[in-house]
Amino acid sequence: QVQFVESGGDLVQPGGTLRLSCATHDITFRVANMAWYRQSLGKEREMVATIDWTGLITYADSVKGRFTISRDNSRDSVYLEMRSLRPDDTATYYCHLIGSPYWGQGTQVTVSS
(Lines give C-alpha, C1' and ligand atoms only; values in the text may rest on other atoms or scores of the structure.)
Protein backbone atom coordinates (compact mmCIF):
# COMPACT_ATOMS: atom_id res chain seq x y z
CA GLN A 1 0.00 0.00 0.00
CA VAL A 2 1.25 3.46 -0.93
CA GLN A 3 0.07 6.47 1.02
CA PHE A 4 0.45 10.11 0.13
CA VAL A 5 0.16 13.09 2.45
CA GLU A 6 -1.21 16.12 0.67
CA SER A 7 -1.46 19.67 1.96
CA GLY A 8 -1.78 23.27 0.86
CA GLY A 9 -5.38 23.55 -0.29
CA ASP A 10 -7.25 26.65 0.84
CA LEU A 11 -9.77 29.34 0.00
CA VAL A 12 -8.08 32.05 -2.07
CA GLN A 13 -9.23 35.10 -3.99
CA PRO A 14 -9.04 35.23 -7.80
CA GLY A 15 -5.51 36.14 -8.86
CA GLY A 16 -4.05 34.55 -5.76
CA THR A 17 -1.35 31.93 -5.29
CA LEU A 18 -1.25 28.55 -3.57
CA ARG A 19 1.36 25.83 -3.26
CA LEU A 20 0.27 22.22 -2.91
CA SER A 21 2.53 19.53 -1.48
CA CYS A 22 2.41 15.74 -1.70
CA ALA A 23 4.79 13.47 0.18
CA THR A 24 5.22 9.72 0.35
CA HIS A 25 7.83 7.48 1.91
CA ASP A 26 6.40 4.22 0.66
CA ILE A 27 8.13 4.08 -2.74
CA THR A 28 11.52 4.73 -4.31
CA PHE A 29 10.49 8.28 -5.01
CA ARG A 30 13.50 9.30 -7.12
CA VAL A 31 12.35 6.96 -9.93
CA ALA A 32 8.64 7.65 -9.58
CA ASN A 33 6.66 9.40 -12.29
CA MET A 34 4.21 11.71 -10.56
CA ALA A 35 1.18 13.76 -11.51
CA TRP A 36 -1.35 16.21 -10.15
CA TYR A 37 -4.98 15.78 -11.13
CA ARG A 38 -8.06 17.73 -10.16
CA GLN A 39 -11.78 17.09 -10.04
CA SER A 40 -14.51 19.67 -9.68
CA LEU A 41 -18.17 19.01 -8.92
CA GLY A 42 -19.96 17.23 -11.73
CA LYS A 43 -16.84 16.85 -13.84
CA GLU A 44 -14.42 14.04 -14.57
CA ARG A 45 -11.00 13.99 -12.97
CA GLU A 46 -8.49 15.70 -15.26
CA MET A 47 -4.72 15.77 -15.46
CA VAL A 48 -3.16 19.08 -14.43
CA ALA A 49 0.57 18.41 -14.63
CA THR A 50 3.07 15.55 -14.73
CA ILE A 51 6.74 15.23 -13.89
CA ASP A 52 8.70 12.08 -14.62
CA TRP A 53 11.75 10.77 -12.81
CA THR A 54 14.08 12.60 -15.22
CA GLY A 55 12.30 15.91 -14.61
CA LEU A 56 10.38 15.95 -17.88
CA ILE A 57 7.22 18.02 -17.37
CA THR A 58 3.84 18.34 -19.08
CA TYR A 59 0.89 20.62 -18.36
CA ALA A 60 -2.76 20.79 -19.28
CA ASP A 61 -3.38 23.69 -21.65
CA SER A 62 -5.67 25.34 -19.12
CA VAL A 63 -2.84 25.82 -16.59
CA LYS A 64 0.18 26.48 -18.81
CA GLY A 65 1.99 29.62 -17.78
CA ARG A 66 0.20 29.75 -14.41
CA PHE A 67 1.05 26.46 -12.65
CA THR A 68 4.47 24.94 -11.96
CA ILE A 69 5.06 21.33 -10.97
CA SER A 70 8.31 20.42 -9.23
CA ARG A 71 9.80 17.65 -7.13
CA ASP A 72 12.32 17.31 -4.32
CA ASN A 73 13.65 13.78 -4.22
CA SER A 74 15.45 14.45 -0.93
CA ARG A 75 12.05 15.05 0.65
CA ASP A 76 10.13 12.39 -1.36
CA SER A 77 7.78 15.16 -2.39
CA VAL A 78 6.08 16.68 -5.40
CA TYR A 79 4.69 20.22 -5.47
CA LEU A 80 2.26 22.29 -7.49
CA GLU A 81 2.71 26.05 -7.43
CA MET A 82 -0.46 27.74 -8.67
CA ARG A 83 -0.51 31.41 -9.63
CA SER A 84 -3.12 33.72 -11.12
CA LEU A 85 -5.81 31.44 -9.79
CA ARG A 86 -9.26 31.65 -11.34
CA PRO A 87 -12.67 30.51 -10.11
CA ASP A 88 -12.60 27.65 -12.63
CA ASP A 89 -9.50 26.28 -10.87
CA THR A 90 -11.76 25.40 -7.94
CA ALA A 91 -11.48 21.64 -7.43
CA THR A 92 -10.13 18.87 -5.27
CA TYR A 93 -6.51 18.30 -6.23
CA TYR A 94 -4.94 14.85 -6.08
CA CYS A 95 -1.40 13.64 -6.45
CA HIS A 96 -0.96 10.36 -8.29
CA LEU A 97 1.75 7.81 -8.91
CA ILE A 98 1.52 7.39 -12.68
CA GLY A 99 0.84 3.85 -13.84
CA SER A 100 -0.41 2.73 -10.43
CA PRO A 101 -3.75 2.62 -8.60
CA TYR A 102 -2.43 4.96 -5.91
CA TRP A 103 -3.83 8.44 -5.29
CA GLY A 104 -3.57 11.03 -2.56
CA GLN A 105 -6.57 11.78 -0.39
CA GLY A 106 -7.15 15.11 -2.11
CA THR A 107 -6.83 18.72 -0.99
CA GLN A 108 -9.53 21.29 -1.66
CA VAL A 109 -8.74 24.47 -3.57
CA THR A 110 -11.49 27.09 -3.72
CA VAL A 111 -11.02 30.28 -5.70
CA SER A 112 -13.65 32.83 -4.82
CA SER A 113 -14.03 36.46 -3.82
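The values are calculated or read from the model by the stated rules, or taken from the named source; none is laboratory data. Predicted, not measured: the structure shown is a model, and the values here were computed from it. Here the Cβ is made from the backbone with ideal geometry for all residues, glycine too, and neighbour counts use every protein chain on show. Quick note on the areas: whole protein, heavy atoms, side chains included, nothing else; ligands and nucleic acids left out. Shrake-Rupley method; radii C 1.70, N 1.55, O 1.52, S 1.80 Å.
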- Mean Cβ neighbour count within 10 Å, used as a protection proxy, ranking 1-10, 70-79 highest first: 70-79, 1-10
- Message: What does the C-alpha gyration tensor say about the overall shape of region 63-109? Classify as rounded when a/c is under 1.5, otherwise prolate if a/b is larger than b/c, or oblate.
- Response: oblate
- Message: Tell me the per residue accessible area of the chain using a 1.4 Å probe; a whole number in Å² is fine.
- Response: 54
- Query: Using a ≥ b ≥ c from the Cα gyration tensor of the chain (square roots of the eigenvalues), is it rounded, prolate or oblate, where a/c under 1.5 gives rounded and otherwise the larger of a/b and b/c decides, a/b for prolate?
  - Reply: prolate
- Item | With every protein chain in place, the chain: carbon and sulfur % of accessible area (1.4 Å) | 47
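Please tell me the relative contact order of the chain in percent, rounded to the nearest whole number, where contacts are Cα pairs under 8 Å and at least six residues apart.
Values: 265 pairs, mean separation 41.0, N = 113.
So the answer I get is 36 percent.
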- Message: Can you order the peptides 85-97, 30-42 by their average number of other Cβ atoms within 10 Å per residue, highest first?
- Response: 85-97, 30-42
